[in-house]
Amino acid sequence: MPRNTLNRQLNMVQDEILILGSMVEQATRAAVGTLKSRDLREAKLVFEQDQIINEKRFAIENAILILMATQQPMARDLRTLAALLEVNTELERMGDYAKGIAKVTLRMGNAEVNLPMVEINQMAELAVGMLHRALSAFIEENANLAVAIPKEDDRIDELFNTAYSKILHEMVANPSTIDNVNLALWVIHNLERMADRVSNICERTVFIATGELFEMDGMDEEDLNV
Amino acid sequence: MNQMEPKTFGSNQEMQDAEKNFLHRRHQRARLAQSVFQLTTLLAVIFLAALLVTVVNKSMGYVVVENKVDPSTLSDRPLSELNNTELAQILRENLRKNRVRTLERAGFLEDQSQSTLVQLVETEIIQPEVVESYNLFPSLIKRSKIKADAASTYPNAKVEFRYWLNGTFLTNSMASQPELAGVRSALLGSLQLILITILTAFPIGVGAAIYLEEYASHKSRINRLIQTNIDNLAGVPSIVYGILGLALFVRALQPFTSGALFGVDGQNGRTILSAGLTMALLILPILIINAQEAIRSVPDSLRQASYGLGATRWQTIWHHVLPGAMPGILTGTILAISRAIGETAPLIVVGASTFITSDPTGPFSSFTALPIQIYNWTTRPQPAFQHIAAAAILVLLIALLSLNAAAILLRNRFAKRV
Amino acid sequence: MEDMNQPSKYAIETRGLNIFYGDFQAVKDISLQFERNRITAIIGPSGCGKSTVLRAFNRMNDFVPSAHATGEVLYHDQNINHPSVDAVQLRRLIGMVFQKPNPFPKSIYDNIAWGAKMNGFRGNTDDLVEETLRQAALWDEVKDNLKKSALALSGGQQQRLCIARALAVRPEIILMDEPCSALDPIATLKIEDLMRELSQNYTIIIVTHNMQQAARASDYTAFFTMDTDRSGIMVEYNETSLIFTKPKDQRTEDYITGRFG
């Protein structure tokens, strides 16, 4: 079977994507963690490390473009590379969400704020878990696995709603902290968006496997919220 | 060749030495092969040079001429300055009555041209005879000795340097005396013969080649049989073609080849036409094979391009295949002409005359040809005949080269059209 | 043949076309429709019979004594394999450009004029030469040297001359048998541009072993491969954009991703 060069380089790019993915996972976990610990140094670290994620994203994009130009991939190879390009961008955005959460911590500083940490932690765990499995399915090009993942988004949406009403309650109950509590809305929004982007990754997985492109959860929560 | 120690590459000294040895042996073998090929070429050149030298050597040199009657006793002026009356008078005075009557059968001596009369005086009265002749090299090296010998042996003879290949040799017809014999009828016979041969063989040969290459299926058994036969016919000895020509053209087709069919008073089939057709048969296989080769060398892509444009088979052949093949076909024709002009055996069988003084008058006349003349003269015992045979060989070679040159010019014109 | 003037839906259509060389079946059961004024590429590995099929469209296989075809090749609703069809006229209407540029060893002018003259062209030859050379995007390069030998042109120019020569006999369809395999990349791209230009007025069918070329230059692509008995079969036929992004057949996928064999 020819095309060993293409295969090898494709695998390298896929490995890089997995690394990028785990960097995003870590950043998300760490950012959410600082909300509770208020470790400002850690939060600042997460905030700054987004730069590394951005650089990695550009490096991967470059590698994909070189691969396209030099190896002239067709059909499935072409779809894989196109999907990698897309997933690469999605991961970078997710990195930005984690950065946003770290920024919230920095803004709050050591102020006493009552946050719905149970829901936030659950959302973060769910989102990171979805991302992890979505990337595995993506790399394995396993459409069956990929199709199942976006359905977990419902659970995130539930948590989002619960957290949302809790935050509203808090705002009404403690108008003095409204500035900081308001920031919590950012946090749950970011986590919810992260899950949506995981769905996009799953869409790309199905695209690689079948060549078909379609929106996986028809009703994007973003349409309702904004 | 550069005898410097050649540089080799490598880090390991031992391996480098081994490789150097091996390289050395390979280069040695290459040089050996080269010298062998140079030697063979040299041999060929030597043989060719030897042939030319022998012929040229014989074709000129000193001769010792003894006149039966000294021209100065006939007239005090050179013969060429005398007028008709004086020449006729000399003839009447010195010849027997019967001879004069024979000569005057066609008309009075006085009415014939001056040059004819001069010639008559020379052949009938003066009768110069070459009593001794020398080749070119002895003539150059031992000139004084030859002159001394001649003076002592033939006190009345004159020693002169003679080019046997001269104007009179070309314009004179066959004669029994070598000094007076010429190649005119033979040369004309050969040229007419070749003309008939080419006119017959070229269209038939090219036509057959076109059919075999462009039309005939190479898989058909009959066509393969025809092809094999043509290939084999090219190697058949020429005498066999002579026998075929004798049976077919001279005997079977006598009414046609003698000209009787066309109202010509032909006595038999031993005519230029028969000989030309026989020669055509002889060179036909060579011509066909060469033409086939030439047609095959026209790239198939040209035919495809032509067919692809909606050209018919004939348009393709006429506009692309034949022009492309013409240089090759003409080269083959050159070879065929060379073969035909030098052939002797079939002409003898078909019945070329060995002694004929009249020029050929057309396709139905009897004839002789250069190779026949040469063959005839070389069999004569008198040494002078050897000289004129050499001169005739030179004529044959020059005729051959001229024909080839013409064909080459034609070929180059075709090749340049590209 | 009154149907000759009736526009049929497709430029050429084959139905169950089989081509044999002696006992060997070169291609098996090809059914394909070629859209008018489109460029259709036939791709596939060596020996899959793609050139053989192309040559069946203008009966160039007639010159291979052992070749014979069964099934139908419909052109203007007429099966061109029928003995009553005049192959000479057919080859004027369905022109061909070959793998190696093969201009005649004549001048540029004569190269174009010859085919037209052979086919009974009576108009102004100068105009015809200029028009077809312009169509073939060669006019500006050769207009001052029309009397020069065509063999002095570069490979790419020669190939465009061959295209111009084919256009001069007013064909409807142009068959191209790997027309760029002997050309450098720039000359290749020029020919591809030219094909795109010509497809406004002509139907073009191109056989190529260069997948990128098929992807770049064609509207439709047919993928041929060899069956287990080594005869050629058609695997997939679709719009080029689909064949090269999401082929349906695994064999097509393997071939165009370079994972064939």
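The values are calculated or read from the model by the stated rules, or taken from the named source; none is laboratory data. Here the structure is a predicted model, which means the values were calculated and not measured. Glycine also receives a Cβ, built like all others from the backbone with ideal geometry; neighbour counts cover every protein chain displayed.
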So A:ALA27 fits all but one of (1) touching a residue at least 60 places away in the same chain (Cβ under 8 Å); (2) more than 14 Å from chain C (Cβ to nearest Cβ); (3) farther than 28 Å from A:LEU115 by Cβ; what number is the exception? (3)
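Residue by residue, here is whether (1) more than 8 Å from chain C (Cβ to nearest Cβ); (2) in contact (Cβ under 8 Å) with a residue 24 or more places away in the chain holds:
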{"residue": "B:ALA311", "(1), (2)": "no, no"}
{"residue": "B:TRP314", "(1), (2)": "yes, no"}
{"residue": "B:ILE329", "(1), (2)": "yes, yes"}
{"residue": "B:ILE341", "(1), (2)": "yes, yes"}
{"residue": "B:VAL350", "(1), (2)": "yes, yes"}
Checking C:GLY232 against (1) within 16 Å of the chain's Cα centre (by Cα); (2) away from every other protein chain (no Cβ under 14 Å); (3) at pLDDT below 95; (4) closer than 21 Å to C:ILE12 by Cβ, which single condition isn't satisfied? (1)
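Helices (runs of 4 or more DSSP H) wholly in the stretch B:299-416 with at least 2 residues that are in contact with a strand residue (DSSP E or B) (Cβ under 7 Å, 6 or more places away or on another chain) - which ones? Spell out the reasoning first.
Details: elements: B:300-308, B:313-316, B:322-342, B:345-350, B:370-378, B:383-416.
Counting at least 2 such residues, we get B:383-416.
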Only one of A:ALA82, A:ALA69 is touching a Phe, Trp or Tyr at 6+ places or on another chain (Cβ under 9 Å) and either within 14 Å of chain C (Cβ to nearest Cβ) or more than 26 Å from A:ASP196 (Cα to Cα) (or both), namely A:ALA82
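Here are some residues: B:ALA247, B:ALA252, B:ALA280. Which one is in contact with a helix residue (DSSP H, G or I) (Cβ under 6 Å, 6 or more places away or on another chain), aliphatic (A, V, I, L, M) and away from chain C (no Cβ under 14 Å)? Give the steps one after another, and end with the answer.
Numbers: B:ALA247 fails: in contact with a helix residue (DSSP H, G or I) (Cβ under 6 Å, 6 or more places away or on another chain); B:ALA252 fails: in contact with a helix residue (DSSP H, G or I) (Cβ under 6 Å, 6 or more places away or on another chain).
Answer to the selection: B:ALA280.
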Kindly indicate whether B:ALA340 is surrounded by 24 or more Cβ atoms within 10 Å (Cβ to Cβ) and either in contact with a Cys (Cβ under 9 Å, 6 or more places away or on another chain) or at pLDDT 90 or above (or both). no
Any idea which of B:ARG92, B:ARG96, B:ARG101 is more than 30 Å from B:LEU397 (Cβ to Cβ) and surrounded by 11 or more Cβ atoms within 10 Å (Cβ to Cβ)? B:ARG92
Checking C:ASP126 against (1) part of a helix (DSSP H, G or I); (2) in contact with a Phe, Trp or Tyr (Cβ under 9 Å, 6 or more places away or on another chain); (3) facing chain B (nearest Cβ under 8 Å); (4) not aliphatic (A, V, I, L, M), the condition it does not meet: (3)
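Taking only the stretch C:174-186 into account, find how many residues are among the aliphatic types (A, V, I, L, M), under 18 Å from the mean Cα position of the chain (by Cα) and more than 12 Å from chain B (Cβ to nearest Cβ). Walk me through it before giving the result.
Filtering the stretch C:174-186 down to residues among the aliphatic types (A, V, I, L, M) leaves C:174-176, C:182-183, C:186.
Pick out the ones that are also under 18 Å from the mean Cα position of the chain (by Cα) and you get C:174-176, C:182-183.
When the remaining residues are screened for being more than 12 Å from chain B (Cβ to nearest Cβ), the result is C:183.
Result for the stretch C:174-186: 1.
One line per residue, one yes/no per condition, for (1) touching a Leu at 6+ places or on another chain (Cβ under 7 Å); (2) without any contact (Cβ under 8 Å) to a residue 40 or more places away in the chain:
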site	(1), (2)
A:GLY100	no, no
A:MET108	yes, no
A:ALA111	no, no
A:LEU115	yes, no
A:ILE120	yes, no
A:LEU131	no, no
A:ASN144	no, yes
A:ASN161	no, yes
Identify all residues within the stretch B:223-265 that are of a type in the set (Ser, Thr, Tyr) and farther than 23 Å from B:ASN290 by Cα; write none if there are none. B:THR257, B:SER258
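Quick one: which residue in C:ILE42, C:ILE19 is within 15 Å of the chain's Cα centre (by Cα), outside any helix (DSSP H, G or I), in contact (Cβ under 8 Å) with a residue 12 or more places away in the chain and farther than 22 Å from B:ALA311 by Cβ?
On the way: C:ILE19 fails: within 15 Å of the chain's Cα centre (by Cα).
Only one candidate qualifies: C:ILE42.
Quick check on my filter: what residues within the stretch A:90-115 are within 24 Å of A:ALA173 (Cα to Cα) and either out of contact with any Ser or Thr (no Cβ under 9 Å at 6 or more places or on another chain) or modelled with pLDDT of 90 or more (or both)?
Going through the stretch A:90-115, the residues within 24 Å of A:ALA173 (Cα to Cα) turn out to be A:101, A:104-115.
Matches in the stretch A:90-115: A:ILE101, A:VAL104, A:THR105, A:LEU106, A:ARG107, A:MET108, A:GLY109, A:ASN110, A:LEU115.
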Restricted to the stretch C:145-157, and to residues that are assigned to a helix (DSSP H, G or I) and away from chain B (no Cβ under 11 Å), which residue is surrounded by the fewest Cβ atoms within 10 Å (Cβ to Cβ)? C:GLY155
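Any chance the stretch A:88-105 includes a residue that's part of a helix (DSSP H, G or I), among the charged types (D, E, K, R) and closer than 30 Å to C:THR240 by Cβ?
Of the stretch A:88-105, the ones part of a helix (DSSP H, G or I) are A:88-105.
Next cut, among the charged types (D, E, K, R) only: A:90, A:92-93, A:96, A:99, A:103.
Next cut, closer than 30 Å to C:THR240 by Cβ only: A:90.
Yes, there is a match, as at least one residue in the stretch A:88-105 is part of a helix (DSSP H, G or I), among the charged types (D, E, K, R) and closer than 30 Å to C:THR240 by Cβ.
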Expected single match for under 26 Å from A:THR70 (Cα atoms) and under 16 Å from the mean Cα position of the chain (by Cα) among C:ASN210, C:ASN201 is C:ASN210
How many residues are among the β-branched types (Val, Ile, Thr), buried (at least 19 other Cβ atoms within 10 Å of the Cβ) and facing chain B (nearest Cβ under 10 Å) when one looks only at the stretch C:85-111? 2
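Going by what's in this entry, would C:ALA168 be described as within 14 Å of chain A (Cβ to nearest Cβ), buried (at least 21 other Cβ atoms within 10 Å of the Cβ) and modelled with pLDDT under 95?
Values: within 14 Å of chain A (Cβ to nearest Cβ): no; buried (at least 21 other Cβ atoms within 10 Å of the Cβ): yes; modelled with pLDDT under 95: yes.
Answer is no for this residue.
One line per residue, one yes/no per condition, for (1) surrounded by fewer than 22 Cβ atoms within 10 Å (Cβ to Cβ); (2) of a type in the set (A, V, I, L, M, F, W, C); (3) closer than 18 Å to A:THR177 by Cβ:
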{"site": "A:THR89", "(1), (2), (3)": "yes, no, no"}
{"site": "A:GLY95", "(1), (2), (3)": "no, no, no"}
{"site": "A:ASN110", "(1), (2), (3)": "yes, no, yes"}
{"site": "A:VAL113", "(1), (2), (3)": "yes, yes, yes"}
{"site": "A:ALA124", "(1), (2), (3)": "no, yes, no"}
{"site": "A:ALA127", "(1), (2), (3)": "no, yes, no"}
{"site": "A:LEU135", "(1), (2), (3)": "no, yes, no"}
{"site": "A:GLU141", "(1), (2), (3)": "yes, no, no"}
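How about the stretch C:57-84: which of its residues are outside any loop (DSSP other than H, G, I, E, B), touching a residue at least 40 places away in the same chain (Cβ under 8 Å) and either within 13 Å of chain B (Cβ to nearest Cβ) or not polar (S, T, N, Q) (or both)? Please lay out each step first, then the result.
Filtering the stretch C:57-84 down to residues outside any loop (DSSP other than H, G, I, E, B) leaves C:60-63, C:67-75, C:78-79.
Then keep just the ones that are touching a residue at least 40 places away in the same chain (Cβ under 8 Å); that gives C:61, C:67-75, C:78.
If the condition is that a residue be outside any loop (DSSP other than H, G, I, E, B), touching a residue at least 40 places away in the same chain (Cβ under 8 Å) and either within 13 Å of chain B (Cβ to nearest Cβ) or not polar (S, T, N, Q) (or both), then C:ASN61, C:ALA67, C:HIS68, C:ALA69, C:GLY71, C:GLU72, C:VAL73, C:LEU74, C:TYR75 are the ones that fit.
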Only residues that are outside any loop (DSSP other than H, G, I, E, B) and touching a residue at least 60 places away in the same chain (Cβ under 8 Å): list them for the stretch A:133-142, please. A:ALA134, A:LEU135, A:ALA137, A:PHE138, A:ILE139
The residue that is surrounded by the fewest Cβ atoms within 10 Å (Cβ to Cβ), considering only those in the stretch C:235-248 that are within 12 Å of chain A (Cβ to nearest Cβ) and either under 14 Å from C:ASP29 (Cβ atoms) or β-branched (Val, Ile, Thr) (or both), is C:THR245
Considering only the stretch B:204-227, I want to know if a residue exists there that is small (Gly, Ala, Ser) and under 21 Å from the mean Cα position of the chain (by Cα). no
